[in-house]
Amino acid sequence: MKTSFRAVSLACAGLALGAAAGTAAAQANYPARPVRLIVAFVPGGSTDIIARLVGQKLAERVGQQIVVDNRGGAGGTIGTDMAARSTPDGYTLTLGTTSTHVIAPAIFPNVKYDPVKDFDPVTLVASTPYLLVLHPGVKAKTLKDFIALAKAQPGKMNYASAGTGTTTQIAMEMLKLAAGIDVVHVPYGGNGPAGVATMGGQVQALFGSMPAVLPHAKAGRLHPVVVGTARRSSALPGVPTVAESGFPDFEVSLWLGFFAPKGTPAPVLKRLYTELVAIVQSPEMKGPFQANGADPVTATPAELTKLMTVELAKYRKVIKAAGITLK
């Protein structure tokens with residue numbers, strides 16, 4: 001029995017149309033199973049806190065579990081690289097930050113992912129100030145006090161960070177550069193461990209992200225000194241900014257946004273964008289965000305891409321000026 005070329009062509013076309021229809025149906029029903037949300041830092045830090053707040057609400061809206069998968073290490077590059085190399089079907093997402101998508105690519109020589117080329121941005125969800133906190137035993141109440149103390153004993157005081165190449169390091173290095181002080185960097189595996197070390201007195205200072213350090217500052221386990229944003233934080237209105245304290249050009253903050261691996265279907269990205277914006281802009285989220293020192297913010301994918309591009313250039317200049325290198 002002979003099969004004509006036309007018959008084969010029609011059969012192939014039918015299969016292709018069937019596959020396309022199946023793919024379209026799968027996208028229309030997204031998500032049909034749990035979604036993994038990679039957090040490139042250990043539990044207890046700012047990224048983890050915001051990921052769980054937003055992830056819980058996203059799960060409620062889409063009817064599927066959002067599984068937070070903490071993959072900390074190497075300044076957030078391990079988990080972020082894992083996300084970049086995941087199947088682009090919408091079932092693996094990551095909560096990217098200033099650290100993972102701006103600082104790390106600018107400072108780590110062997111980062112395997114490109115924050116723009118390897119990801120589809122979805123939206124921003126939060127922005128948080130950096131808060132300089134001290135161990136309560138440090139005899140400094142103001143930024144002026146801290147600077148004077150550091151200058152009196154150069155190289156004797158230590159500061160913690162969430163890891164080499166993270167924004168917590170960059171924030172303190174920016175302050176060191178502006179104030180002309182010598183404080184030794186001690187990297188940890190996230191904001192959580194860095195906060196524990198500061199509370200325990202292993203280090204004297206931490207320029208940590210607000211959600212991670214705010215509860216300890218309010219409880220008196222850490223002493224809040226200044227915030228790095230241009231305006232005071234509503235979470236700690238009595239704490240001045242670095243700009244108010246003698247350094248008017250100083251400003252550093254952490255943004256957090258959802259990203260999917262490059263090539264994720266447009267209908268999936270649109271669904272995620274719609275749901276996440278609705279969550280972040282809902283009145284019920286304002287309280288939980290502010291309780292953790294975060295401000296709810298959103299951005300279109302194009303706006304998020306522009307933000308990354310601008311900040312990559314900004315922090316490359318800061319890193320070079322501060323002479324920050326990886327050993």
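The values are calculated or read from the model by the stated rules, or taken from the named source; none is laboratory data. Just so it is clear, the model here is predicted, and its values are computed rather than measured. For neighbour counting, all protein chains shown are included, and Cβ atoms are generated from backbone atoms with ideal geometry for every residue, glycine included.
For E303, state whether it is under 19 Å from K57 (Cα atoms) and in the same structural domain as D114 (by TED's automatic domain parsing).
In short, no.
Is there a residue in the range 20-40 that is out of contact with any His (no Cβ under 9 Å at 6 or more places or on another chain), modelled with pLDDT under 95, surrounded by 12 or more Cβ atoms within 10 Å (Cβ to Cβ) and of a type outside the set (G, A, S)?
Among the residues of the range 20-40, at least one is out of contact with any His (no Cβ under 9 Å at 6 or more places or on another chain), modelled with pLDDT under 95, surrounded by 12 or more Cβ atoms within 10 Å (Cβ to Cβ) and of a type outside the set (G, A, S), which makes the answer yes.
Out of R71, R85, R33, which single residue is basic (K, R) and within 18 Å of the chain's Cα centre (by Cα)?
Values: R85 fails: within 18 Å of the chain's Cα centre (by Cα); R33 fails: within 18 Å of the chain's Cα centre (by Cα).
Of R71, R85, R33, the one residue that is basic (K, R) and within 18 Å of the chain's Cα centre (by Cα) is R71.
Being more than 23 Å from Y315 (Cβ to Cβ), without any contact (Cβ under 8 Å) to a residue 40 or more places away in the chain and outside the structural domain of S46 (by TED's automatic domain parsing) is the requirement here; does K156 meet it? Talk me through it step by step, then tell me what you get.
Values: more than 23 Å from Y315 (Cβ to Cβ): yes; without any contact (Cβ under 8 Å) to a residue 40 or more places away in the chain: yes; outside the structural domain of S46 (by TED's automatic domain parsing): yes.
Judged against the criteria, K156 is a match.
What pairs come up if the first residue lies in the range 125-142 and is modelled with pLDDT under 95, the second is of a type outside the set (S, T, Y) and surrounded by fewer than 18 Cβ atoms within 10 Å (Cβ to Cβ), and their beta carbons are under 6 Å apart, counting only those six or more places apart or on different chains?
Correct list of pairs: S127/V297.
Just to check your reading of the model, which residue among V116, V186 is in a loop (DSSP other than H, G, I, E, B) and of a type in the set (V, I, T)?
V116
So which of G238, G220 ends up being touching a Pro at 6+ places or on another chain (Cβ under 9 Å) and either under 27 Å from A106 (Cβ atoms) or touching a residue at least 40 places away in the same chain (Cβ under 8 Å) (or both)?
Only one candidate qualifies: G220.
Select, from G163, G189, G137, G180, the only residue that is out of contact with any Lys or Arg (no Cβ under 6 Å at 6 or more places or on another chain), outside the structural domain of N292 (by TED's automatic domain parsing), surrounded by fewer than 18 Cβ atoms within 10 Å (Cβ to Cβ) and closer than 20 Å to N70 by Cβ.
None of the other options fit; the residue is G189.
Can you tell me which condition F108 does not meet? The list is (1) in contact with a helix residue (DSSP H, G or I) (Cβ under 8 Å, 6 or more places away or on another chain); (2) at pLDDT 95 or above; (3) over 27 Å from T241 (Cα atoms), and all the others hold.
Among (1) in contact with a helix residue (DSSP H, G or I) (Cβ under 8 Å, 6 or more places away or on another chain); (2) at pLDDT 95 or above; (3) over 27 Å from T241 (Cα atoms), F108 violates only (2).
Please go through the range 298-315 and pick out each residue that is aliphatic (A, V, I, L, M) and touching a strand residue (DSSP E or B) at 6+ places or on another chain (Cβ under 6 Å).
Within the range 298-315, A299, L304 meet the criteria.
Answer yes if at least one residue in the range 71-84 is closer than 23 Å to V277 by Cβ and in a helix (DSSP H, G or I), and no otherwise.
yes
Could you tell me which residue of the range 256-267 is nearest to A32 (Cα to Cα), considering only residues that are buried (at least 23 other Cβ atoms within 10 Å of the Cβ) and hydrophobic (A, V, I, L, M, F, W, C)?
Here the answer is A260.
With in contact (Cβ under 8 Å) with a residue 60 or more places away in the chain, among the small types (G, A, S), surrounded by fewer than 21 Cβ atoms within 10 Å (Cβ to Cβ) and not assigned by TED's automatic domain parsing to the domain that holds Y188 as the only criterion, which of G75, G44 stands out?
The conditions single out G44.
For T87, only one of the following conditions fails: (1) surrounded by fewer than 21 Cβ atoms within 10 Å (Cβ to Cβ); (2) within 20 Å of T166 (Cα to Cα). What is its number?
Failing condition for T87: (2).
Residues checked against (1) exposed (fewer than 14 other Cβ atoms within 10 Å of the Cβ); (2) of a type outside the set (K, R); (3) in contact with a helix residue (DSSP H, G or I) (Cβ under 7 Å, 6 or more places away or on another chain):
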| site | (1), (2), (3) |
| --- | --- |
| S282 | yes, yes, no |
| T300 | no, yes, no |
| A313 | yes, yes, no |
| R316 | no, no, yes |
| I319 | no, yes, yes |
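Just to be sure I understand, how many residues within the range 250-283 are among the acidic types (D, E) and free of Cβ contacts under 8 Å to residues at least 12 places away in the same chain?
Counting residues in the range 250-283 that are among the acidic types (D, E) and free of Cβ contacts under 8 Å to residues at least 12 places away in the same chain gives 0.
Results for (1) modelled with pLDDT under 95; (2) more than 18 Å from A322 (Cβ to Cβ); (3) part of a loop (DSSP other than H, G, I, E, B); (4) not aromatic (F, W, Y), shown as yes or no for each residue.
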site	(1), (2), (3), (4)
G165	yes, no, yes, yes
E173	yes, no, no, yes
P211	yes, yes, no, yes
L236	yes, yes, yes, yes
